[in-house]
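Data first, discussion second: the structure below is written as structure tokens.
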Amino acid sequence: MFASIAGIIERDLRLAFRRKGDVAQVLVFFVIVASLFPLGTGAEPNQLRAMGPGVLWVAALLAALLSLGRLFAADYADGSLEQMLIGAHPLVATVAGKTIAHWLTTGLPLTLLAPLIGLQYGLPGPALGALVASLALGTPVLSLIGAVGSALTLGTRGAAVLLALLVLPLYVPVLVFGAGAVGAALAGLPHAAHLSLLGAFLAFSAVFAPWATCAALRIALD
Amino acid sequence: MGAMNWGSVDAFLDMGGYGLFVWGSYGVAVLCVAIELLALKARARRLGASAPGEAR
Amino acid sequence: MGQVLSTPDIGLAEGSARGEWWLRYAAPQAFFPLAGRLIPYFALLAVLFALCGLYVGFFAAPTDFQQGESYRIIFLHVPAAWMSMFLYVVMALWGAAGFVLNTRLSGMMASAIAPTGAMFTFLALWSGALWGKPTWGTWWVWDARLTSELILLFLYVGFIALKASIDDPRRADRAGAVLALVGVINVPIIYFSVQWWNTLHQGASVSLTRSPQMAATMLWGMLLMAAAAWMYSIAVCLARVRLIIREREREMAWMRELGESRTWAQ
């Protein structure tokens, strides 16, 4: 089972490596969106610091959302997804592998880049730490839930916007506690509880989301 | 018993100054129900029958 | 109704084989006339409950000390919010039934419920806004219940949009069922998150102070209106599922005639 997953991860990472532009696009989008908010609301430092946690989390969320389209689309288009469905590896292993690879090429880079953007918002050290920790726990959940949405909307009309519509409400708990963790750190309050809850979301979605994604893929490909 | 709440029809419609809000809510509710029922009728008509619930 | 050229439904076959009289209604052909017979009774019950509820709400319940007459919106707002959540759960249950029993009717029922559920969600939001304005001074209050209702509206719209975007009805039904089940698991999590978020940011809470006697009367009013909304929902959803059955059966007849598949979004 783990060998299958590792194999899929390796395959997807190699494919992503050939198209480094895709990964870069997600990061550039994140930076651009984070830059838009001060332009829209004014650059008063206290205001920026106060809205930093929320803005950075929303920007990361939207960047992760935009990248979901390519989770299954390429394999669906050239028929390899159907091969995976009937192939030797269990489908849930394929789904798990692809989700992990997606996080490695989307969520992880975002998590590593976020502190730099956090500096633009004047977030102090502890808040930046909370930002990295919350994103590290939260972005995998975004990939896991996003995979379900991506599988449901496979090949449908207007898939990108529909995907956003389906998945964004489900992202709300992650956003609330992710941004909440950074906000608490900003106020000097403990944020271990927030991170624990994020960890719980991660555990829960890691167990259940791949099965939902498998069901959705079977529905889409039958 | 209950009519003691309201001195007159005017008082009833006025709702202690909050008439706009109270009737704005209940009015929109009636509107939504009407739209829902009309939409069902229109859908039935598109199918080529007169009203839903008729052909048993 | 004409020729119904469709594949035999498992419910019909199983029901006859095992002699369980209610399983035969899992077949759309059998459910259609049953639904038609039931609609008038539920419609009548809806009207009766509504009249009683409105009487209690406007004539039996006294004026609120702080909020005056504006609190009477509660007899619409709270039942609408209850129904919006209840209908979503029922919709998800029909989706689950579709997976377990593999019946076509389940997906049709889920599709029939969604618009009504969305309507109640909208009414909860609208009445919440109109209640918030005189009470809190603004048209929108980011309190836990209203924000959760807003997200619930997004979930309904997403469900309807997903079904509308998939041409094949069977695939649409099953995709919708997965989405509804994922959603129903998430609704308590979302509600809990928003509750927590609300207390943190010390948002306003749309609530009332009330004496015990008043509380009993108010509860009766809300329960009666909720019963009215429930009866109304059943009547409307049965009517809508009959239309869906006719649309889909007709579609299958066309498929046989023309030998090609078509979208049924005319």
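Can you give me the long-range amide H partners of C:GLY68? Hydrogens built in the peptide plane at 1.01 Å from N, cutoff under 5 Å, separation of 5 or more residues or another chain.
none
Test of the criteria: in the range C:126-163, which chymotrypsin sites (Phe, Trp or Tyr not before Pro) are in a DSSP loop and have at most 15 other Cβ atoms within 10 angstrom of their Cβ? Walk me through the intermediate numbers first.
Working: sites: C:TRP126, C:TRP131, C:TRP136, C:TRP139, C:TRP140, C:TRP142, C:PHE154, C:TYR156, C:PHE159; in loops: C:TRP139, C:TRP140, C:TRP142.
Filter output for the range C:126-163: C:TRP139, C:TRP140, C:TRP142.
Write down the Å³ per residue value for the convex hull defined by the alpha carbon atoms of chain A. Let's see the in-between values first.
On the way: hull volume 24.9 nm³, N = 222.
That works out to 112 Å³ per residue.
With angles folded into 0 to 90 degrees, how steeply does helix A:91-105 sit against the dominant principal axis of chain A? Use alpha carbons for both and round to 10.
Roughly 30 degrees between the two axes.
Which shape class applies to the range C:43-147: rounded if a/c is under 1.5, otherwise prolate when a/b exceeds b/c and oblate if not, where a ≥ b ≥ c are the square roots of the Cα gyration tensor eigenvalues?
Values: a/c = 3.72, a/b = 1.81, b/c = 2.05.
Taking the square roots of the gyration eigenvalues as a ≥ b ≥ c, the range C:43-147 is oblate.
Using +1 at the C-beta of Lys and Arg and -1 at the C-beta of Asp and Glu, which of C:ALA124, C:VAL89, A:ILE117 has the Cα lying farthest in the positive direction of the dipole of the protein assembly as shown?
Going by the charge dipole, the pick is C:VAL89.
Quick one: putting +1 on the C-beta of Lys and Arg, -1 on the C-beta of Asp and Glu, what dipole do you get for the range A:2-221 around its Cα centre, in Debye to the nearest 20?
Numbers: 10 positive and 7 negative charges, 32 e Å.
It comes to approximately 160 debye.
Let me confirm one metric for peptide C:116-122, namely the mean number of other chain beta-carbon atoms within 10 Å of its residues' beta-carbons.
Working: counts 3, 0, 0, 5, 2, 0, 3.
Average neighbour count from other chains, rounded to a whole number: 2.
If each DSSP helix of 4+ residues adds -39,500 (n - 2.57) and the sum is divided by the residues in chain A, what number results at 222 nm, nearest 500 deg cm²/dmol? Mind showing how you got there, number by number?
Numbers: 10 runs with 189 residues, N = 222.
-29000 deg cm²/dmol, from helical runs alone.
In what sequence, highest mean first, do A:123-131, A:90-98 appear when ranked by Cβ atoms within 10 angstrom? Please report the intermediate quantities before stating the final value.
Numbers: A:123-131: 19.9, A:90-98: 21.8.
Top of the packing list down: A:90-98, A:123-131.
Among B:SER25, C:GLY183, C:ALA226, which residue has its Cα positioned farthest towards the positive end of the charge dipole of the protein assembly as shown, with +1 placed on the Cβ of Lys and Arg, -1 on the Cβ of Asp and Glu, and the dipole taken about the Cα centre?
Checked the options; the winner is C:GLY183.
If one takes the longest principal axis of the Cα atoms in chain A, at what angle in degrees, from 0 to 90 and to the nearest 10, does the Cα axis of helix A:192-221 lie?
In chain A, helix A:192-221 runs at an angle near 30 degrees to the longest axis.
What FRET efficiency would be calculated for the residue pair B:LEU20, A:ASP22, taking the C-beta separation as r and a Förster radius of 51 Å, to the nearest 0.05?
Values: r = 53 Å, r/R0 = 1.04.
In this case the efficiency is close to 0.45.
What does the structure give for C:235-243 when I average, per residue, the other chain Cβ atoms found within 10 Å of the residue Cβ? Spell out each step's value before the answer.
Working: counts 2, 6, 0, 2, 9, 6, 1, 8, 9.
Counting Cβ atoms of other protein chains within 10 Å of each residue's Cβ and averaging gives 5.
About the Cα centre of the protein assembly as shown, what is the dipole size in debye to 20, counting +1 per Lys and Arg Cβ and -1 per Asp and Glu Cβ, all else neutral?
Dipole about the Cα centre, nearest 20: 700 debye.
Put one equal scatterer on each alpha carbon of the range C:10-258, apply the Debye formula with no solvent term, and list log10 I(q)/I(0) at q = 0.07, 0.11, 0.12 1/Å to two decimals.
These q points yield log10 I(q)/I(0) values of -0.29, -0.68, -0.78.
Rounded to the nearest 0.05, what FRET efficiency is calculated for A:HIS89 and A:VAL207 with R0 set to 25 Å and r the Cβ-Cβ distance? Before the final figure, lay out the partial values.
On the way: r = 19 Å, r/R0 = 0.77.
Efficiency at R0 = 25 Å is approximately 0.85.
Mind ordering A:41-53, A:59-71 by average Cβ neighbours within 10 Å, highest first? Please list the in-between numbers first.
Numbers: A:41-53: 14.9, A:59-71: 22.8.
By packing density, highest mean first, the sequence is A:59-71, A:41-53.
Per residue of A:162-171, how many C-beta atoms from partner chains lie within 10 Å of its own C-beta, taken as a mean? Provide the component values of the computation, followed by the final result.
Numbers: counts 6, 2, 1, 8, 10, 2, 3, 13, 12, 2.
Taking the mean over all residues of the peptide, I get 6.
Volume per residue, Å³, of the convex hull around the alpha-carbon atoms of the protein assembly as shown? Write out the running numbers ahead of the final one.
Numbers: hull volume 101.5 nm³, N = 544.
Normalising the Cα hull of the protein assembly as shown by residue number yields 187 Å³.
Taking the mean number of other Cβ atoms within 10 Å as a proxy for protection, how do you rank C:42-51, C:173-182, C:186-195 from highest to lowest?
On the way: C:42-51: 16.8, C:173-182: 24.9, C:186-195: 18.8.
Packing order, densest peptide first, comes out as C:173-182, C:186-195, C:42-51.
Read the figures in this text as sums done on the coordinates, not as results from a lab. None of these values were measured; they are calculated from a predicted model. Here the Cβ is made from the backbone with ideal geometry for all residues, glycine too, and neighbour counts use every protein chain on show.
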